[in-house]
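The values are calculated or read from the model by the stated rules, or taken from the named source; none is laboratory data. Treat the numbers as computed from the prediction; the structure is a model and nothing was measured. All Cβ positions, glycine included, derive from the backbone under ideal geometry; neighbour counts span all protein chains shown. To get the accessible areas, we keep the full protein, side chains included, count just its heavy atoms, and leave off ligands, DNA and RNA. Shrake-Rupley method; radii C 1.70, N 1.55, O 1.52, S 1.80 Å.
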Amino acid sequence: MRQDDRAWFDDTLRRARLSAYPPGEFVGQESFMTAGEIRALALRAGISSGVAALDLCCGVAGPGRFVTRELGCDYLGVDASASALAVARSRAGDLPCRFVVGQVPALPAGSFDVVLLLETMLAFEDKDAVLRAVAAALAPGGRFAFTLEEGAPLTAAEREAMPAADTVWPAPLAEVAALLEAAGLVLTWQEDRSAAHRATAQALAEAFAADAAHIAAQLGRRALDDLLAAHRLWIDWLRTGRVRKLALVAQRA
């Protein structure tokens, strides 16, 4: 589903999201990742004080602000949504975070130690273009930390059932690994987070259903129905293994 006014959308869902995550694990993310997972992946990628980090498709930048606060880095967040970045800027406060509106795979000029792409590889049908842009943005030895919805392309029936299916493009791990190699990136680490993300998706679906009256009043019944339908599909796909959720790190040779 699409959200043109991200402040309104984010504010509407915030109460349910807060209730869905364990204490301390919600940091403004718009995904199934917990704060612990975000921090662990950032550490795996080598984010620390002085590291130049580029966060692609950052949205309202909950994970980016959290990583900057926890680990320290020279942070630049990029997103196509000006309204999402307006939220990100307002919440960043005194954190050393910068934000720029941009349409990935076109990336800001510069060389970065780490590039992050959290929970949005799914949105790109042309993953080759994204990976080549990431490789070009990384300094030699730089790391690319990302998550992947791993699985075969959706069938026609699955695309019909999934709201905003034109932003849902899972891919087999072998295919993505080959694209990484072609772009000059070497896959160095991976972890399967399917079970944890299924549990989070279930908790979010239950929280949204419990807060349905409020969400429908703010966003409309169609938006609520799409939100619940998408989460129920992810729960089923993660439960059956139709899709796996992987966290990965690749390094520029």
Here the alpha-carbon Rg of the range 1-45 over 2.2 N^0.38 Å rounds to 1.30
Can you work out the Karplus-derived ³J(HN,Hα) for every residue in the range 166-177? Use 6.51 cos²θ - 1.76 cosθ + 1.60 with θ = phi - 60°, whole Hz, and x for glycine or proline. 6, 10, 10, 10, x, 8, x, 4, 4, 5, 5, 4
Mean accessible area per residue over the range 15-93 (1.4 angstrom probe, all protein chains present, square angstrom) is 35 Å²
Hey, in the GNM for the chain with a 10 angstrom Cα cutoff, which one of GLY77, GLY62, GLY24 fluctuates hardest? GLY24
At a threshold of 8 angstrom on Cα-Cα distance, excluding pairs fewer than six apart, so keeping six or more, what relative contact order does the range 132-173 reach in percent? 43 percent
What's log10 of I(q)/I(0) for the range 34-77 at q = 0.34 Å⁻¹, Debye sum over Cα points only, no solvent? -1.43
Using the Kirkwood radius built from alpha carbon pairs, what does the Stokes-Einstein equation give as D for the range 153-214 at 4 °C and 1.567 mPa s, in µm² per second? 87 µm²/s
Whole-angstrom gap from the range 179-253 to the range 1-46, using each part's C-alpha centre: 11 Å
Using alpha-carbon positions, the gyration tensor of the range 86-143 gives root eigenvalues a ≥ b ≥ c; with a/c under 1.5 called rounded, otherwise prolate if a/b exceeds b/c, else oblate, the class is oblate
Taking only C-alpha pairs under 8 Å that are 6+ residues apart, what is the relative contact order of the chain in percent? 22 percent
With Cβ to Cβ distances under 11 Å as the rule, what net charge do the other residues near VAL114 carry (K, R +1; D, E -1)? 0
Under a 1.4 Å probe, what is the accessible area of the range 130-187 per residue, stated in Å²? 39 Å²
What distance in nm separates the two pseudo spin-label positions at HIS214 and ARG98, each 7 Å out from Cα along the beta-carbon direction? 3.7 nm
Gained length - ALA86 relative to SER19, 0.36 nm times residue gap less alpha-carbon distance: 21.7 nm
State log₁₀ I(q)/I(0) for the range 185-253 at q = 0.16, 0.25 Å⁻¹ as given by the Debye formula over alpha-carbon point scatterers of equal weight, solvent excluded. -0.64, -0.99
Using the scaling law 2.2 N^0.38 Å as the reference, what is the normalised Cα Rg of the range 31-111? 1.01
log₁₀ of I(q)/I(0) at q = 0.12, 0.15 Å⁻¹ - the chain, Debye sum with one point per alpha carbon: -0.67, -1.10
Provide, in order from the shortest bin, the percent of all Cα-Cα pairs of the range 82-192 in each 5 Å bin, continuing until the bin that contains the maximum pair distance. 2, 10, 18, 21, 18, 14, 11, 5, 1, 0
Note: ALA229 to ALA7 extended length (0.36 nm per residue) minus current alpha-carbon separation gives 77.7 nm
Environment charge of LEU148, counting only residues whose C-beta is closer than 12 Å and scoring Lys/Arg +1, Asp/Glu -1: -2
Using a probe of 1.4 angstrom, how much of the accessible area of the chain is carbon and sulfur, in percent? 53 percent
